[in-house]
Structure formats: structure tokens, C-alpha cells
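Engineer: To start, I am sharing the structure in question, which I have written as C-alpha cells.
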Amino acid sequence: MQTIRVWFVKRDEACYISHLDLQRVVQRALKRAGVPVWYTQGFNPHIYLTFALPLPLGQQSITESFDFKTEQDRPDIDAIYWQLNRALPRGIEVFAVTRPEMGSGKIAWARYLIRFEGDGESIRKKAEAFFSRPQLLVDKRTKRGGIKQMDLAPYLQKRDWLPFTQGACLDLTLPAGSTLNINPDLILSALEQATGIDPLDASICRTQLLTETFEKFR
Amino acid sequence: MIDKKLRKALLAVQKPGRYTGGELGSVYKDPKQVECRFAFCFPDTYEVGMSFLGMKVLYEILNARENIWCERAFMPWVDMVEQMRELEIPLFSIESKTPLSQFDIVGFTLQYELSYSNILAMLDLAGIPFYARKRGLEYPLIVAGGPCTCNAEPVADFFDAIMLGEGEEQLPALCDAVIDAKRRGLSKEELLVNLSKIKGVYVPSLYTVQYNKDGTVKHVVVHKGAPRVIEKAILPNFRHQPLPTHFTVPMVGAVHDRAMVEVLRGCVRGCRFCQAGFIYRPMRERDADMLNGAAQDLCRNTGYDEVSLTSLSTSDHSQLEPLLDKLLEWTPREHVNLALPSLRIDNFSESLVEKTTRVRKSGLTFAPEAGTQRLRDVINKNVTMEEVLRSCTLAFQNGYTAVKLYFMMGLPTETMEDIKGIADTAQAVVDLFYSLPTKPKGKGVTVSISVACFVPKPFTPFQFAAQDTMEQLREKQQYLLSCVRSKKISVSYHDARISFLEAVFAKGNRKLSKVLVEAYKNGCCFDGWGDLFKFDTWVDCFKKCGIDMAFFANRPIPFDEITPWEHFSYGVDKSFLIEEFNRAQQAQTTMPCNRKCSGCGANKLMGGGKCVANDQSVVR
């Protein structure tokens, strides 16, 4: 049995597929693609799937991945790539099929491109003034449904503005993974409260997943 | 395609995936390359609409045509409606996000009387005037199809054309007429006259209804050479009619999210309350090899892991067991489960149970419909208590422990004795379970009885019957609860108010259109969704419009009265319905059509002669 990692892009309409629905979409795509998938051997056999890091609803990504197991010892990686691309809905495209080198527990950072529409110069100024504050307290929802106050300031250090002529584009790296995960939506809503920049004028795209030592997650 | 306004709305609502399309199997075309853009509208949520097989059938047929692009639209859920109003987003198709007002044809399917208010909501959200007479060529042609068109009169004023019967050939013909009108620059009046010449197409504006003083129909005046009686469209060769094999696969979970193959159409049984059993006559089967091939193609094309053999009565297919054998050759290997809804108690055989349980074990559902043999004979549900118990014995021996029984109350000639019979039937099933030495070990039994309120429907023998009043129905519900003693039996029943409104619209006439508009303006919407149903508002609107609800629901119709649906024909003769009504009063049963022809008249639809449902050359 082999584990296969499938890398895909999620954009346009597909941004609105929730994580739960995406699992079903991928299961059906694997089935439709005729990929030799291993099923769990229990009372209710199903395809065993794991996603590296769920993507919040409405965001794009060019670095998503899921793992599945195959019965074959020498799976045809190219065939899986082509077959899956024919079986997925609009907005989801496979760009690579690999053998996993790291477990998803290794993920510690995620990199995002946040593109703002409008007057780039003014947006940058306003946003920088906000990001440079010594303390940035926001309310963050905890897993148990409660609300916890946290300071964002220490996590906003890895940021860079790209030289865009239209609008503004922020390259931001945030903690990600199971221990501490900061959703860029949280930053955009804090930014809106402080500066009035409409989060709907910004689109978020996840571009990289990184380990603790800023190695690319593979 | 998703602009900022829409993005804002999508981020504010539950399950935005309902509105974004792009599912596997959804069809995208270049609008410049097509001559006819058709918006297929389902007047309920995405989850309900995407469970509907008819939409998948017609979507595939229309999109197979190079010059037609069929897209889908659903009734947005209340949170989305709010966003769309606030942000001024007109109702759009989920594929290309094109506003409905820019389509050539907007087609609604009428599946349920209580979704009529949603049709108005969808037209309103699209910025399209309700009444057909107020729309010129600057608006799309608004049409309807589906089972409720058999009495389309309550909504007739809203539609330019209404399609009766089977849409597989009729709907493309309607699109062709629209394309032809566009090419030749015909006026709307000319187009409507052309549409009225298509088999089964009813153009309401070509018919004027005159009423008697007592509110009944006096006469229907026909204009411009439209047919006096509109006879439903029917496929000439259902046995070899291709099945859809490329479903759009929903990503937001649909209610019925599985592959479906329609094994037969119509029903041989002739249960006297059942509208589907009469309007889809005659019963026709599909070829077993074709079904098996389509099921396999469909599973492979969609990735579904369950295939359902769908019809009104699947076990009446003469080749069901050979078909199951064929399906079982590949389904386990391809990790596909088989589901068989609509089994009949009287031919629920041991090998059938064995074949379905080989894949999955879940609850079983039977529909005795009435609690005593007398009443079952009245409604012509030819099922005996012995058959119920025999089927349950089989099921229990095969490891099933949950049985669901469907009943109705308020049926013609019903007495309290019949209501008690419902509880007795359930108790007999419980007792049976504990009497079996071979019952599943260490498990209890659950018998759920679900009791609907009888709604008299057009084109059934019971169309002449009155519905029980809400008070009578509630009294019967209370009595039933008092008759149930075992904790193993759980009882659920329908809201009598919903059934009452359903009866009003089922047997209504054209005067009801203004009530619908009034109710919609007063906030009625999603009436089929219990918690959003505003019964008191409906009652007020009927009063305001001066229309008596009981006139439609609780009044028996004399045989010689002209019904609002008298100018439609579904093949079955009115004289046959009267005969069946009279037999019901005497608790006399009628044989299923495949065993003995009762001469209902549906054979005329296929050109007369011997009815296909009674074709003895088919091995049974």
C-alpha cells in the first residue's frame, strides 16, 4: 500500500465549497477517475482521505493537498494526475501528484497573498500604520466555541508589500497548523475596524505551506 | 463571474455553495454560440431541487442540443433572499450567474402545490412581472411543467405556456418554436399560437373561463384555434428511451444524493387516492439491459457510491430479479450500494430481500395506507394483513429491526374503527417480532407509523370526494394517539393546515392567482417548510380576496360538474374515474392493469389498441 499526495489549486466557484463538502467531492472524483484507491476494511468501507490544512470558506489557494492510499505498489502518478483533472469540478485543478515527504503535523506557517483593490498607496499607508502598532488585540474564536482575546502584533512581522501598480498586494506569512492557526480573515476584519478598509475589496490566496524552519512543506 | 456584490452576499449566508454552480457535470457554453438560453427553475432550495430526477433528465436532453444552453436556478434560502434584496442582486442562474430576465425561456417545475408562493418569489427576485398579460417580448417566456400542471389553473395567469405530460420531446419542441420565432421576428401572440400547436402545451391566455353564480365553472371559451382539450404529451417508446448518464453532482449535500435510474413509468396498481398512479398511465417498463448499462455509466461518470432503482412501484418491473442479478455482478466490485425504494408488500420476495441486504441493511418502509381491510379495499390498495405480516417476517428474519409504516387519514368512507386499525396494524407488527424464534438477538423492534392527511387530487377517482375538515382530522389524530399503547411504536402525523391548503390549490381554479399574489406580498414563502408556514396569513388573504377555502377543499364535486381541469386530458376517461369512485363506495377492488385491463382509456394515448401495461407477451 502506498500513500499518494495530490496537490491542487482551489479558486473561483470552488472557494465556496466547504471543507466537509470538499471531502465528499474528492472521494467522488477519485472514484470517478478510476484511481485504484484503498478502502478502509471496517463495517462501512470508505476511502481514507486526509487534507493537509483546511482552507477557510471563500479563500483561494494554489497550495492545497490531500493524501489517499492506493492498493497498488507502483501507482502510475501521471495517470492519476490526468484522470483526476478530468473528474474534478470547476475551480479545482490538480497541479502535481507526489509521494508525501512530511506529515501534515510539520506545517507551522502558511503564506498568503492578500490583494487589495483601490488606491494602492493609501491602502499601504493605512495598513502599515495599523500593522506597526505595538499591540493589536482581537477577539478570536476558540475551538470550544468561546472567545479569547489575543495580540496579533507578534505574528505580523513576516510581511512584505509587492510592487503592484494597480491596488496593493501584501505577502504575509502567518502561523498555521494544529497548535496555533491564524486565519487571514481575522486580520482583515481587525484592519477594517481600525481603518475602514473593506475586506470585500481584498482577496486572499494561500500560496505556500512551510515548516517550523521555513522549509517548503512537501 | 462572481462580482463583489455577489461575493459579499456569499460570505454572509449559510452554505454559499448552493448558489455558485460549477459542479461536476454542470454544463457551460459560449452564450454567443447558442440560439436559446433556458433557465430551469426549481421553486425550492438547491438541496431539494438537486434531488429531482426530472431536472437531470431535461438538463441533459436540452444541453445535448448545440444551439440550446440550459442552466439551473433555485429558490434562494431566506438568508440569501435578504442579501439579494439588500444588495440588489437579481435572481441568477447558478452556472453563468446570468440574471433570469436575460434568458429566452424561464421554466418552472410544479412538483408541489405549496411551492407556488416560491414561484412568485423567484419571479419577483428576478424583476419579472407576475402576470403573463403584463409581459411583452422584452421579458423571457415563462413556462411550467411537472405533475401539478394537471390542474395548473391556480397559477395559469402567471405562465405564457404550461406543458402537460412528458417533457423529453415536448420541451425541445417548445425551445425550437421559440428559436423559430426569434429567427423570423414573430410577435408574442404569433409565438403563443404556435406553442399551442405543440402536443400537450396549454397556453392559458387562449382560454377564457366563465363561471356560474355558485362559483363553479360554466364554460371554457377557446381562442385562435387552440385545442379544446389539451392532451398530455407521451413518449412513443419508453422501453428504449435513453437515461441520463451525466448527472450534475451536487457539492452541498442534496436530500437524495445518489445515482438514480428510472426503471418504469406509471403504475399498474390504480390506488384510488394516488394522482401519480393515474396521470402517468399507462405503465411502461424500461429494458433491463439498458437500465443496467445506464446505472453503470452513471456511477462511473458521477463517482456516486449508491444507485437507486426509482419508480412508483419498482417491484412491478417484470424483469426486476434478472436486473438485480446483472447489477450485482459489478456493484460490489465498484463499491456501489443498491437501493430499492417503492417496493410493494405483496410481491416482496425472499430473494429480493436477500439481494438488497447483501449490500446494505437499513430500515424498511411499507405503505399499507389504511388500517382495516375494508378501507384498503375502498382505496384499492390491494394489500392484506397477511401480506404485511409475511413481509415483516421476512424482513425480521433477515436482520431488519426497524419498520416504517405509512398511512393516511381522512380517506373517503373512513370511520373511527379504521383509525384504530392503524394502531392495531402497528401493534400486530410489534407482536410478530417478539413471537419469532428467529428474530435478531439482543435487539428491540421499532415500528414508526407516519400518518398523512388525505388530499383529494384531480384525475383520481377521489377527485369527487371532499377533504375532512381540519377539526375532523385533528380529532382523528388525537384518537389514534390514544389507541397506541406500546412504546415500540412511534407516531408522527402531518399538519392538517398544510394538507388543507394543499387541497385548496390542488382543486383550485384561476381565481386563486390573486390570492397567491396577495399571500406572497404578505410574506408567504416556503410554505412547505413547516416553520416558515404562515397559515393565518393565508386565511386572511383568502378572506380579503373573498374566496372560500372550503369550497375547494371540503366540498364534494358532483359527477356532472365541470371541474377547473376539465379541459385537460391525461388519457384516463372521466367515466372511468366515476366508475372507480362508485366501486370505492362499495369497497370493491379493481385488478392491477398488468393482470386485467379495466378499460381506463389510457391506451388511446399510445394510439389505441392493446395497452402496453397489459402486454401478455412480456414474461411475468
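Every number here is computed from the coordinates shown, using simple stated rules; none is lab data. A quick note: this is a predicted structure, and the numbers were derived from the prediction, not measured. Cβ coordinates were reconstructed from backbone atoms using ideal geometry, including for glycine residues, and neighbour counts include every protein chain displayed.
Engineer: Would you work out which of B:T438, A:M102, B:A550 lies farthest towards the positive end of the dipole of the protein assembly as shown, given +1 charges on the beta-carbon of Lys and Arg and -1 on that of Asp and Glu, about the Cα centre?
Structural biologist: B:T438
Engineer: To the nearest 20 debye, what is the magnitude of the charge dipole of the protein assembly as shown about its Cα centre, counting +1 on the Cβ of each Lys and Arg and -1 on the Cβ of each Asp and Glu?
Structural biologist: Dipole magnitude for the protein assembly as shown comes out near 660 debye.
Engineer: Moving on to the next point. In vacuum, with every alpha carbon of segment A:2-100 counted as one equal point scatterer, what does the Debye formula give for log10 I(q)/I(0) at q = 0.17 Å⁻¹? Two decimals, please.
Structural biologist: After summing over all Cα pairs, the log10 values are -0.71.
Engineer: Please identify the GluC sites (Glu not before Pro) of segment B:132-188 that satisfy two criteria: DSSP loop assignment and at most 10 other Cβ atoms within 10 Å. Which are they?
Structural biologist: Counting only loop positions with at most 10 other Cβ atoms within 10 Å, the GluC sites (Glu not before Pro) in segment B:132-188 are B:E138.
Engineer: Only four residue types carry charge here, +1 at the Cβ of Lys and Arg and -1 at the Cβ of Asp and Glu. Report the dipole size of segment B:480-619 about the Cα centre in Debye, rounded to the nearest 20.
Structural biologist: I would put it at about 300 debye.
Engineer: A follow-up question, please. Taking 4 °C and 1.567 mPa s as the conditions, I'd like the Stokes-Einstein D for segment B:362-506 in µm²/s, using the Kirkwood hydrodynamic radius from alpha carbon pairs.
Structural biologist: Approximately 82 µm²/s, per Stokes-Einstein.
Engineer: Give me the distance in nm between label points sitting 7 Å out from Cα along the Cα-to-Cβ direction at A:F51 and B:R474, one decimal.
Structural biologist: 4.8 nm
Engineer: Next question. Which FRET efficiency, nearest 0.05, do B:E334 and A:D76 yield, Cβ-Cβ r, R0 25 Å?
Structural biologist: 0.80
Engineer: Report the gain in length on full extension from B:K487 to B:E231: 0.36 nm times residue separation, minus Cα-Cα distance, nm rounded to one decimal. Display every interim value, and only then the final one.
Structural biologist: On the way: separation 256, 0.36 × 256 = 92.16 nm, distance 5.06 nm.
Full extension from B:K487 to B:E231 adds 87.1 nm.
Engineer: How about B:K487: which lysines have a C-alpha closer than 21 Å to its C-alpha, ignoring those fewer than 8 places off in the same chain?
Structural biologist: B:K404, B:K420, B:K439, B:K441, B:K443, B:K476
Engineer: Let me ask something else about it. Over segment B:4-231, with a single point scatterer placed on each C-alpha, what log10 of the ratio I(q)/I(0) does the Debye formula yield at q = 0.18 1/Å?
Structural biologist: Reported log10 I(q)/I(0), two decimals: -1.41.
Engineer: Restricting to DSSP loop positions (anything but H, G, I, E, B) with no more than 14 other Cβ atoms inside 10 Å of their own Cβ, which chymotrypsin sites (Phe, Trp or Tyr not before Pro) remain in segment A:118-194?
Structural biologist: The qualifying sites are A:F164.
Engineer: What is the pair-distance distribution P(r) of chain A, computed from all Cα-Cα distances in 5 Å bins starting at 0, with each bin given as a whole percent?
Structural biologist: Histogram of Cα-Cα distances, whole percents per bin: 1, 6, 13, 17, 17, 15, 11, 8, 6, 3, 2, 0.
Engineer: Ok, one more. Could you pull out every one of the lysines with an alpha carbon less than 18 Å from that of A:K148, ignoring same-chain neighbours closer than 8 positions?
Structural biologist: Qualifying lysines at Cα under 18 Å: A:K140.
Engineer: Using 24 Å as the Cα-Cα cut-off, could you pick out the over-long pairs in A:K10/A:K106; B:K97/B:K511; B:K97/B:K514; B:K188/B:K543?
Structural biologist: Checking Cα-Cα distances, B:K97/B:K511; B:K97/B:K514; B:K188/B:K543 exceed 24 Å.
Engineer: Let me ask something else. Which value in Å does the Kirkwood hydrodynamic radius of segment B:233-300 take, with 1/r averaged over all unlike C-alpha pairs and then inverted?
Structural biologist: Answer for segment B:233-300: a Kirkwood hydrodynamic radius of 13.7 Å.
Engineer: Still on this model: Looking at segment A:75-161, which GluC sites (Glu not before Pro) are DSSP coil and have at most 11 other C-beta atoms within 10 Å of their C-beta?
Structural biologist: Those satisfying the criteria are A:E101.
Engineer: Here's another thing I want to ask about it. Over all residues in A:25-38, what is the mean tally of Cβ atoms on other chains that come within 10 Å of each residue's Cβ? Intermediate results must be reported in sequence, preceding the final value.
Structural biologist: Working: counts 7, 1, 2, 8, 3, 1, 9, 9, 2, 3, 0, 0, 1, 0.
Whole-number average of other-chain Cβ neighbours for A:25-38 is 3.
Engineer: Another question, if that's okay. Compute the distance from the alpha-carbon center of segment A:169-213 to that of segment B:23-49, in whole Å.
Structural biologist: Rounded to whole Å, the Cα centres lie 35 Å apart.
Engineer: Please give the length that would be gained between B:E189 and B:M290 if that part of the chain were fully extended, namely 0.36 nm times their separation in residues minus their C-alpha to C-alpha distance (nm, one decimal).
Structural biologist: 32.1 nm
Engineer: Using only the Cα atoms of segment A:105-211, construct the convex hull and provide its projected area averaged over every direction, in square nanometres to one decimal.
Structural biologist: About 6.8 nm², averaged over all directions.
Engineer: Full extension from B:D30 to B:T365: what is 0.36 nm times the residue separation minus their Cα-Cα distance, to one decimal in nm?
Structural biologist: The B:D30-B:T365 span can extend by a further 116.0 nm.
Engineer: If you line up the long axis of helix B:78-87 against the longest principal axis of chain B, both from Cα atoms, how many degrees apart are they, to the nearest 10?
Structural biologist: The angle comes out near 10 degrees.
Engineer: Which log10 I(q)/I(0) values, to two decimals, does chain B give at q = 0.05, 0.08 Å⁻¹ under the Debye formula with one point per Cα?
Structural biologist: After summing over all Cα pairs, the log10 values are -0.22, -0.59.
Engineer: Shifting gears a bit: Distance between Cα centroids, segment B:110-179 to segment A:84-112: provide it in whole Å.
Structural biologist: When both Cα centres are located, 45 Å separates them.
Engineer: What angle, in degrees between 0 and 90 and rounded to the nearest 10, separates the Cα long axis of helix B:53-63 from the longest principal axis of the Cα atoms of chain B?
Structural biologist: Rounded to the nearest ten degrees, it is 40.
Engineer: Compactness ratio of the protein assembly as shown: Cα Rg over 2.2 N^0.38 Å, N = residue count?
Structural biologist: 1.04
Engineer: Write down the Kirkwood hydrodynamic radius of segment B:130-182, to one decimal in angstroms, obtained as one divided by the mean of 1/r over all alpha carbon pairs.
Structural biologist: For segment B:130-182, the Kirkwood estimate is 11.9 Å.
Engineer: Find the centroid of the Cα atoms in segment B:192-251 and in segment B:382-411, then give the distance between the two in whole Å.
Structural biologist: 39 Å
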